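What follows is one structure encoded as structure tokens, with my remarks underneath.
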Amino acid sequence: MTEQAQAVIKFLKDRKIEFDIVEHNAVYTIDEMLELNLPNLDAIAKNLFIRDDKKKNYYLVVIREDKRVQLKSLREKLGSRPLTFASENDLSKILGLTKGAVTPFGILNDEECKVKVIFDESFREALIGVHPNDNTATVWLNSSDLVSIIEQHGNSIEFMEM
């Protein structure tokens, strides 16, 4: 695991947050992730880093791996300007992440707390599996712990039916 992933694990341990972790080969897509036959596949999250067309609002959308996000529909729910996927440069600059390693733990690198995290309603008070800022491991924890981490960091959160 990378230093960034080890820092996330240390962060969880220091806060006495219960979690399980599995190290695996690097994965870059949700399909590659599913091919690993990891435990609790139904809890795996797909994470999308998007922005509005003026680069004023950034969103991290956390949904179940089997769901799809229609950006036009999400735009209407958020009351935002047109949405598109953020660039790899924005991903690196804002969340300190690389393509394939997008995760809610990247919020810990969002120094300006400019990213709003949108969780699929089905993750409320549920087990969730996400990368620890590195796509060679997956961490499972209760979503309420993850939400608490994000809120304590200062980023806003919304649960939304996807």
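Can you tell me which residues in region 101-127 are within 21 Å of residue 25 (Cβ to Cβ) and either in contact with an Asp or Glu (Cβ under 9 Å, 6 or more places away or on another chain) or hydrophobic (A, V, I, L, M, F, W, C) (or both)?
Of the residues in region 101-127, the ones within 21 Å of residue 25 (Cβ to Cβ) are 101-103, 105-106.
If the condition is that a residue be within 21 Å of residue 25 (Cβ to Cβ) and either in contact with an Asp or Glu (Cβ under 9 Å, 6 or more places away or on another chain) or hydrophobic (A, V, I, L, M, F, W, C) (or both), then 101, 102, 103, 105 are the ones that fit.
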Qualifying positions in region 16-35 - over 18 Å from the mean Cα position of the chain (by Cα) and free of Cβ contacts under 8 Å to residues at least 60 places away in the same chain:
16, 35
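The rows are residues; the columns are (1) hydroxyl-bearing (Ser, Thr, Tyr); (2) modelled with pLDDT of 95 or more; (3) surrounded by 13 or more Cβ atoms within 10 Å (Cβ to Cβ); (4) in contact with a Lys or Arg (Cβ under 8 Å, 6 or more places away or on another chain).
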site: 52; (1), (2), (3), (4): no, yes, yes, yes
site: 58; (1), (2), (3), (4): yes, yes, yes, yes
site: 61; (1), (2), (3), (4): no, yes, yes, no
site: 67; (1), (2), (3), (4): no, no, no, yes
site: 70; (1), (2), (3), (4): no, no, no, no
How many residues does region 4-37 contain that are within 21 Å of residue 127 (Cβ to Cβ), assigned to a loop (DSSP other than H, G, I, E, B) and out of contact with any Asp or Glu (no Cβ under 9 Å at 6 or more places or on another chain)?
4
What's the number of the condition residue 142 fails, among (1) in contact (Cβ under 8 Å) with a residue 60 or more places away in the chain; (2) closer than 19 Å to residue 30 by Cα; (3) among the polar types (S, T, N, Q)?
(2)
Among (1) surrounded by 13 or more Cβ atoms within 10 Å (Cβ to Cβ); (2) at pLDDT below 95; (3) within 26 Å of residue 24 (Cα to Cα), the one test that residue 130 misses
(2)
Boolean, residue 47 is surrounded by 15 or more Cβ atoms within 10 Å (Cβ to Cβ), farther than 20 Å from residue 148 by Cα and not hydrophobic (A, V, I, L, M, F, W, C)
no
Identify, please: which residue in region 145-162 is modelled with pLDDT of 95 or more, of a type outside the set (A, V, I, L, M, F, W, C) and not in a helix (DSSP H, G or I) and is, among those, farthest from residue 111 (Cα to Cα)?
158
Cβ-Cβ under 7 Å, sequence separation 6+ or interchain: first residue in region 62-74 and hydroxyl-bearing (Ser, Thr, Tyr), partner surrounded by 12 or more Cβ atoms within 10 Å (Cβ to Cβ) and assigned to a helix (DSSP H, G or I). Which pairs?
none
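The values are calculated or read from the model by the stated rules, or taken from the named source; none is laboratory data. Values in this document were obtained by computation on a predicted structure and should not be read as measured data. Heads up, the Cβs are rebuilt from the backbone with ideal geometry, glycines too, and the neighbour counts pull from every protein chain shown.
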